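Below is one structure, written out as structure tokens; the observations come after it.
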Amino acid sequence: MADKILDAKIPSGPLADKWDQHMMDNPLVAPGGNRRKHNIIVVGTGLAGGGAAATLGELGYNVMNFCIQDSPRRAHSVAAQGGINASKNYQNDSDSVYRLFYDTIKGGDYRSREANTYRLAQLSMGIIDQSVAMGVPFAREYGGTLSNRSFGGVQVSRTFYARGQTGQQLLLGVYSALSRQVDAGTVTMFPRHEMLDLVVVDGKARGIIARELLTGEIKRYEADAVVLATGGYSPVFYLSTNAVNSNATAAWRAHKRGAYFSNPCYTQIHPTAVPQMGDYQSKLTLMSESLRNDGRVWVPKKAGDTRRPTEIPENERDYYLERRYPAFGNLVPRDIAARAAKVECDQGKHAYYSDFSVYLDFQEAIGRLGADVVGDRYGNLFDMYNEITGDSPYKSPMMIYPAPHYTMGGLWVDYNLQSTIEGLFVAGEANFSDHGANRLGASALMQGLADGYFVVPRVVASYLAGTKLDSVSTENEAFKATENDVKEHYNRLLNIKGKRTVRDIHWDLGRVMWEKVGMARNKEGLTEAIGQIKELRESFWQDLAVTGTADDLNKQLEQANRLGDYLELGELMARDALMREESCGGHFREEHKTEDGEARRNDEDFSFVSAWEFKGENQDPEMHKEDLEFKDVEVKTRSYK
């Protein structure tokens, strides 16, 4: 199956010196006119995209920054709650760059690239300094020093936070920097514009085709390099913690133009979300992992016990994470906490409200610290939960259940964050590079800002300085052909004239993905999923109902276009999961587990990154490999007991 062994272009030398030496060894673009003559497209305005656009603009490049929202401030980074990791060691609890690197490698179940992960840990400290200088209001101790708390999978306190609104506050910092460059004229914003395809000229990414969502106008944009920072693909499950408008179209269209897609089966099911309340929902609501600092997770010891939680005495409660994982307790990594909740619920031990919910209890913390202190830490999350459910976490335990949240898979990139298409760089959650098979909590914001503020500006400069780029205009035949492909695709969608709504088909896709490509997978279920997704795709192209035209604001058309991509991506996720005959991180194959139900890796056969190549419509994709090498950590069975 595998054809190529991919070269990640990892620099030589000691791990701790690779990034600094790499920056010295690679060329720069001189300030002034040399930078002003280069156009760079950045798609996405979250922490990775907005950070990259602002920094590239400040460096003097001409930047075009695109987002589907009405304002860059609505990028989905705004929804991150709990915090951002950095190895500052302010708590003097033996944290270090190496420990953050090691925790991230271990948390990802030894399926990430050492060099990229170490660079992430290195850059983490600069992120905090940059953010504080920009005025991000991180929580502080009484004496004024920055405060930290813990997140899952670690035994130190390294998470910086702004109550339960860390993503929002960090994004406001990015937005202020971005607005400054917009005012300076180095960045041009294109809100309400959706990238629909990548333009490749002579093997290099040279622009995009985008649709202005308010008017329906299809437009061409040319550049010397393209940066994708468009997030992940959790909405393939339909119900997820992502915004309804979050989508994978930009990344998927780049994949179909030649960018390999890596590890699509590595998806993160977050253990702490408000349970599904009904089939009418369009998304699920995240409750921050930070709640597990003081909240205790439990279920009734007796299966079928539907009493209200306040009616169940202490000796009839099972604090199953504390029982099973005494070394980490309620702060085990997300994949382990999520599967543990599923195991308990499958045994009939769950919260009273539904068969798919467990309790997160704060009574011990309130008794120890006082309601005021707990409220200072989590008050906005408690208010959000109360508004959704009508229950106050101050008086009764929260009910939570795992939900699709983050995707560790994404477009393959080398050490320079460059995809298999020259000149196409991929940042943040849209790439695969840093987290392996499971992301630790509070690391998404860290990667987004590391890529945006520090990595992308440096590697794009190196590419521009070292690459001969011929002059290309939007009248080039490649632009015309790509625009025509987009228009034909839209016309095909509008001409189906069937009876099934986008929501109807997406819901069915989501149920297949959740039940067979979700928290627990097996060969039979994955094989069935591939067949069922193909049937859904056939139904989509034969019986989809889309009203309106392409020449105006048309929400149905937007959603149909994105769903078509999810139907293809969902099948690739199932194929990747079927191929990977092991359990690791968020990829749990029921055939490959230990006697006590933990994941069993197969390092001999599967210590590699899968990278799938698109071979054409209705053709099976081809898998390539990047072998993983571990020189600075000992690969061993992951244990949190």
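The values are calculated or read from the model by the stated rules, or taken from the named source; none is laboratory data. All values derive from a computational prediction rather than experimental measurement. A quick note on method: Cβ atoms are made from the backbone with ideal geometry, for glycine too, and the neighbour counts reach across all protein chains shown. SASA here: full protein model, heavy atoms, side chains in, ligands and nucleic acids out. Shrake-Rupley method; radii C 1.70, N 1.55, O 1.52, S 1.80 Å.
For the stretch 52-119, the alpha carbon convex hull comes to 173 Å³ per residue, rounded to a whole number. Annotation note: GluC sites (Glu not before Pro) in the stretch 609-641 located in DSSP loop regions with a Cβ neighbour count of at most 11 within 10 Å are GLU617, GLU634.
One compactness figure for the stretch 519-636 is 1.38, namely its Cα radius of gyration divided by 2.2 N^0.38 Å. For the chain, the mean residue ellipticity at 222 nm estimated from helices alone is -11000 deg cm²/dmol, where every DSSP H run of n ≥ 4 contributes -39500 (n - 2.57) and the total is divided by all residues, rounded to the nearest 500. Once the gyration tensor of the Cα atoms in the chain is diagonalised, the equivalent ellipsoid follows with semi-axes of 37, 29, 24 Å, ordered largest first. Sites listed here are chymotrypsin sites (Phe, Trp or Tyr not before Pro) in the stretch 190-251 whose DSSP assignment is loop and whose Cβ has at most 12 other Cβ atoms within 10 Å, and the list is empty. Amide H contacts of LEU146: GLU141, each under 5 Å away and 5 or more positions distant or on a separate chain (H built 1.01 Å from N in the peptide plane; Pro and chain starts excluded). Amide H contacts for LYS301 (H built 1.01 Å from N in the peptide plane; partners 5 or more residues away or on another chain; cut-off under 5 Å): ARG317, ASP318.
Here the chain exposes an accessible surface that is 46 percent carbon and sulfur, computed with a 1.4 Å probe and the other protein chains kept in place.
Based on the Kirkwood approach, the hydrodynamic radius assigned to the stretch 85-188 is 15.1 Å, with every pair of different Cα atoms included.
For the chain, the solvent-accessible area works out to 37 Å² per residue, with a probe of 1.4 Å and every protein chain left in place. Need one number: the % of Cα-Cα pairs in the stretch 85-142 sitting beyond the 15 Å mark. Taking all Cα-Cα pairs of the stretch 85-142, the fraction more than 15 Å apart is 54 percent. When only alpha carbons are used to place a centre, the stretch 300-361 and the stretch 194-269 end up 39 Å from one another.
Spatial offset of the stretch 51-118 relative to the stretch 4-47 amounts to 16 Å, using the alpha carbon center of each. In loop segments of the stretch 1-73 as defined by DSSP, the trypsin sites (Lys or Arg not before Pro) with at most 16 further C-beta atoms inside 10 Å of their C-beta are LYS4, LYS9, LYS37. Eigenvalues of the alpha-carbon gyration tensor of the stretch 165-303, scaled by 5 and square-rooted, set the equivalent ellipsoid semi-axes at 36, 21, 15 angstrom, largest first. Legend: Rg and Dmax of the stretch 1-79, from Cα coordinates, 17.1, 49 Å. Note that the stretch 460-469 has calculated 3J(HN,Hα) couplings of 5, 4, 4, 5, 5, 6, x, 10, 7, 10 Hz, one per residue in order, obtained from phi through the Karplus relation 6.51 cos²θ - 1.76 cosθ + 1.60 (θ = phi - 60°); glycine and proline are x. Each principal axis of the Cα cloud of the stretch 351-404 was evaluated for its coordinate range; sorted largest first, these ranges are 32, 21, 20 Å.
Rounded, prolate or oblate for the stretch 30-151? Axes are the square roots of the Cα gyration tensor eigenvalues, ordered a ≥ b ≥ c, and the cut-off for rounded is a/c under 1.5. Prolate shape, in that a/c is at least 1.5 and a/b is the bigger ratio.
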